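Only the coordinates and a few stated rules stand behind these numbers; no lab work does. Since the model is a prediction, treat every value here as computed from it, not as a measurement. Glycine also receives a Cβ, built like all others from the backbone with ideal geometry; neighbour counts cover every protein chain displayed.
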Amino acid sequence: MISKIVEKEGNKFFDIDGKLFAPAAFRSFRPTPANVSQFYNNGVRLFQMLVTGTTNALKTKYSLYGEVWKGDGEYDFIAFDKQMEMFMKFAPEGYFCVMIPLDTRDWFIEKYNCPDSFKEFGKACFYEEWKAAAADYLKAFINYAEEKYGDRIFSYSFSAGYATEWFTNDKGEYDERKELAFQEYLGDDKVRIPAKSELDRISTTFLREKESCIPDYYKFTSENTAETVCYFANKAQEVLQHKKVIGLFYGYMILNSMYQNRWGTAKYELVWQCEDIDMIFSPAAYFMFRETKNPAAYQVAVDSIAVNNKLYMHEIDHRTHLALYPLESGGILRDSYETEEETVMILRRELCQALQKGSALWWFDFYGGYYFSKRYDREIERAVEIIHEVTGYPRKSIAQTAIFYDPESTLYLNENLGVKEDYVNNIICELGKSGVLYDVYNLNDIMKIDTSQYKMLVFLNAFKLSGEIIEKLEKLDIYKVWIHAPGYENNRSVNDIERIIGMELVEREECNKIRFNEEVFGFSNQVTPLFEVKMAEKVLAYYEGTQKAAVALNGKNIYFATGNVPYELWHEIERICGVHIYTDNGMAVYGDSRFLCVQNPFSEACSINLPGDTSFIELFDGGEYHSEGRRLSYDVPIGTTQMFLVKQKE
């Protein structure tokens, strides 16, 4: 069998021996006849399985089927065979993505005195003994699987590091091999791996000290992680010869401050550019983005995945109301939803979030039983029908806002200050509440993309800007929104910021909040330096209790002195930029040229502003809707998710 990813009018599909499959799948740590057959009977034809005997971060086994990698060159594929037999029996016309964890096993750690790669990937990846043995295992596994089940396996995945996501969890601890490699990387045999006390040191300065080697250390570890991933991908392709799709988890921008650098994946663009990898997985964004009152979001710069000719796989791993039960370890996942109705509405908006980007998705039935109800049966079945229906129409982004995140700049950020979320997570959340559609890119991709559809470009954390990018941006006749200190890392001079934003600034010592009408906002913790605008065309907001400008416009540049900008101020900015605002009350919108989706968290009376009058078909609950005066108004219970398909003209 040959499988590949193909695009048809903006929609992506898995092509399996010439037959197209809508990219919707099922995944579970506890696949059983019950949940496999449940999803199969409701229309799902693609399934993912994980084959390992190792233990996960929740202190339970990833799989109950057992281990395959038993020793040096010693593989027992019975555990894999049993799992395949179960899947094939209860998904008889299904096709499978097989995930192969490559982490060090206990016997390997003891024999080679090697670090545990699951806990300390940042050390283990400097042990060539492990990399060579893991590569041999990966190739042997694929050879066996292809020979026995090659006509049923459409995709392979491999993993290592914490949580199967290539994170290092060694907290910067010393390792001799790692330090020698770091010295070679910098060409300096006197340099040392920064001590944990240095990595943990708290300062109000938002960037690391100029003389510190910590940014170089994080760059080194991140590059090495990426190189290790690409090494294994190349080994897999030695067997597959690009005849099957390869995917993996990699490259998140929405993470807690403390982990963004320490987990060693900031150079994820190297992996996204790897020609041996076809697909990037990621769970949906966590925490605030899973609450009904807030918008859903991606952990990744999702639109840059497509720029790099990869398919994005959106993992819907939300814990349903049925998930609140003890695991084998005795622990309980406390982030479950309270009711079935709430869960259904969240699942609906995640479906729409995946569809609007032409992404693949899988439902992750974590420990099994999360979907065992008649209501969930109906939702899965209807979701599969909607995927087939919506992917039958041409897809195009209609976003007028583009957001840019820079993983390189993050390397210089003092993560201990705890404000990374203010630059990234919280701004994305508030932009979602402001009722606009947006695309999300890595900063480097500004050099590749066509920006003509956008009216507003938002730069979240552009502390380090190359001359090439600055020159490109100066030529763009589009409103550009800058947060706090764009370009400041270049020379640590206010002049760098002034050149980029086209305004005169002065540094200030006080850590003040900013007031816009009734809203007061600013960084979560004290940040230095801050800046005030001395000269601009228009002032939009002042530091609280002063007449010192903190938000201002000059030409096509808009400057915010801090992060954490509330959606009410984003509305003001969007009106200036001419961006279409679909909702006015903090209600997020998802969609593309084919549909719009909203979940109403605040009021039974809903209203969507439209560019023009249109008729819609509501896809979840049915019914035809018509706008009047470019406004779609309707009443539904609070929390309801609606998906409005643009009615095609006869």
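Data table
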{"quantity": "Calculated FRET value between Lys396 and Val494, using beta carbons and R₀ = 30 Å, to 0.05", "calculated": "0.15"}
{"quantity": "Exceeding the 30 Å Cα-Cα cut-off - candidates Lys70/Lys190; Lys196/Lys357; Lys455/Lys548; Lys433/Lys556; Lys219/Lys480; Lys244/Lys647", "calculated": "Lys70/Lys190; Lys196/Lys357; Lys244/Lys647"}
{"quantity": "Estimated Rh, the chain: Kirkwood, alpha-carbon pairs, angstrom", "calculated": "25.9"}
{"quantity": "Packing-based order for 373-382, 350-359, 522-531, using average beta carbon neighbours within 10 Å, highest first", "calculated": "350-359, 522-531, 373-382"}
{"quantity": "Helical contribution to [θ] at 222 nm, DSSP H n ≥ 4, -39,500 (n - 2.57), averaged over the chain, rounded to 500", "calculated": "-8500 deg cm²/dmol"}
{"quantity": "Measure of compaction for the range 274-395 (Cα Rg per 2.2 N^0.38 Å)", "calculated": "1.12"}
{"quantity": "At most 11 other Cβ within 10 Å, DSSP loop - trypsin sites (Lys or Arg not before Pro), the range 1-50", "calculated": "none"}
{"quantity": "Spin-label model distance (nm) - Thr55 vs Ser524, 7 Å beyond Cα toward Cβ", "calculated": "3.1"}
{"quantity": "The range 534-602 and the range 151-199: distance between their alpha carbon centers, rounded to Å", "calculated": "39"}
{"quantity": "Radius 11 Å from Cβ of Phe404, net charge of other residues (Lys, Arg +1; Asp, Glu -1)", "calculated": "-3"}
{"quantity": "Spatial separation of Cα centroids for the range 379-439 and the range 28-66, in angstrom", "calculated": "28"}
{"quantity": "Point-to-point label distance, Leu324-Arg177, nm (Cα→Cβ direction, 7 Å offset)", "calculated": "4.6"}
{"quantity": "Cα gyration tensor shape for the range 600-646, rounded if a/c is under 1.5, else prolate or oblate", "calculated": "oblate"}
{"quantity": "Among 216-222, 190-196, 569-575, the order from most to least packed when residues are scored by Cβ within 10 Å on average", "calculated": "216-222, 569-575, 190-196"}
{"quantity": "Label-point separation in nm, Lys210 to Glu544, each point 7 Å along Cα→Cβ", "calculated": "3.3"}
{"quantity": "Förster-model FRET efficiency, 35 Å R0, Asp200 and Glu510, C-beta, rounded to 0.05", "calculated": "0.85"}
{"quantity": "Volume per residue of the C-alpha convex hull in the range 401-577, rounded to whole Å³", "calculated": "105"}
{"quantity": "Cα centroid of the range 122-150 to Cα centroid of the range 286-321, whole Å", "calculated": "29"}
{"quantity": "Calculated SAXS-style log₁₀ I(q)/I(0) at q = 0.28, 0.30, 0.31 Å⁻¹ - the range 346-392, Debye, Cα scatterers", "calculated": "-1.17, -1.25, -1.28"}
{"quantity": "Added length on full extension, which subtracts the Cα-Cα distance from 0.36 nm per residue, Arg630 to Ala163", "calculated": "163.4 nm"}
{"quantity": "Burial ranking of peptide ranges 323-335, 126-138, 586-598 (average Cβ count within 10 Å, highest at the top)", "calculated": "586-598, 126-138, 323-335"}
